[in-house]
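The values are calculated or read from the model by the stated rules, or taken from the named source; none is laboratory data. The structure displayed is predicted, hence computed values, not measured ones. When we count neighbours, we look across all protein chains shown, and the Cβ atoms used for this are built from the backbone with ideal geometry, even at glycine.
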Amino acid sequence: MRGFLVVILSDPFSNLMCRKPKRLPDRDYSFCFIHGVILSLQVMKLVKGNKLVEIKIEKFKELIKKFEKVVLDLGTGDGRFVYKKALENSKTLFIGIDPSEHQLRIYSKKANRKKLGNALFVLGSFENMPKELAAIADKVFIILPWGSLLEKIVKPTKEVIKKLKNLFKSESFLEIVLGYSQQAEPAESTRLDLPELTESYLRNEVIPVFEQNPALFRLDHLTSLKPKDVAALESSWGKTLQFSQKRPIYRIRFK
């Protein structure tokens, strides 16, 4: 391929020979030419205000070291949970992950105005989890998930459980809040083939999958939440549910 030079990229592709155009300036690249085929290299992208920026893994690791704990919020939506919790605890780094850049901007802009250094809004999803998030979490929250994330939680597999466990440093603290009904969300329930959300279903079909390997997750408690409990979740969707059609809402906590 004329006009290209061979370079060796660092982890995680250090064993691959990659080419970049000579005309491009020196920087981190998010693509790699292998035998004429372009491969995508995963780069963690942050929503900062109205901007989408990239963060180098070295800088991210340095940032983590500044805090006593790291908390992840999967499917964070507009990031309200991350923003509110970051305001309350400056010694903990709160990281929200969501595939919607538009949604993440809502509370990322608020965090920017407050100059919160302990709130990050990461563009990503459970299926496309940035590698930088592996083995960094002290706690993980999944609050009122929707779409594919909800499907993976209410119909869990061993692969899903392992992927969740890989987010933790060592000991686990995983809190999941579920709230939906076939009556209130008929289209999504049909599309995802969601089971009826009941305590019996959670105890018999969901929790046993999480507990198949006790070294990964052990049930701490399962509780049914009241409207006032939902309001305390600091979730925008949770606040909406207070005034919408009644549905069952459960909190599952694993340790």
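Quick rundown of the values:
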{"item": "Which listed residue is acidic (Asp, Glu) and over 18 Å from Trp237 (Cβ atoms), from Glu196, Glu175, Glu185", "result": "Glu196"}
{"item": "Which numbered condition Lys131 fails, given (1) buried (at least 23 other Cβ atoms within 10 Å of the Cβ); (2) over 25 Å from Gly179 (Cβ atoms)", "result": "(1)"}
{"item": "Residues located in the range 159-185, provided they are touching a residue at least 60 places away in the same chain (Cβ under 8 Å) and hydrophobic (A, V, I, L, M, F, W, C)", "result": "Leu167, Phe173, Leu174, Ile176, Val177, Leu178, Ala184"}
{"item": "Test: residue in the range 147-159 that is within 20 Å of the chain's Cα centre (by Cα), of a type outside the set (Phe, Trp, Tyr), part of a helix (DSSP H, G or I) and within 22 Å of Lys48 (Cα to Cα)", "result": "no"}
{"item": "Cβ-Cβ under 9 Å pairs, at least 6 apart or on other chains, the range 195-215 side in the same structural domain as Leu178 (by TED's automatic domain parsing), far side among the hydroxyl-bearing types (Ser, Thr, Tyr) and loosely packed, with under 14 Cβ neighbours inside 10 Å", "result": "Glu199/Ser224; Val209/Thr157"}
{"item": "Residues satisfying the stated conditions in the range 85-128, i.e. basic (Lys, Arg) and either crowded, with 24+ Cβ neighbours inside 10 Å or in contact with a Ser or Thr (Cβ under 9 Å, 6 or more places away or on another chain) (or both)", "result": "Lys85"}
{"item": "Residue that is out of contact with any helix residue (DSSP H, G or I) (no Cβ under 9 Å at 6 or more places or on another chain) and small (Gly, Ala, Ser), where the choices are Ser108, Ser90", "result": "Ser90"}
{"item": "In the range 56-75, the residues that are modelled with pLDDT of 95 or more and part of a loop (DSSP other than H, G, I, E, B)", "result": "Lys66, Phe67, Glu68, Gly75"}
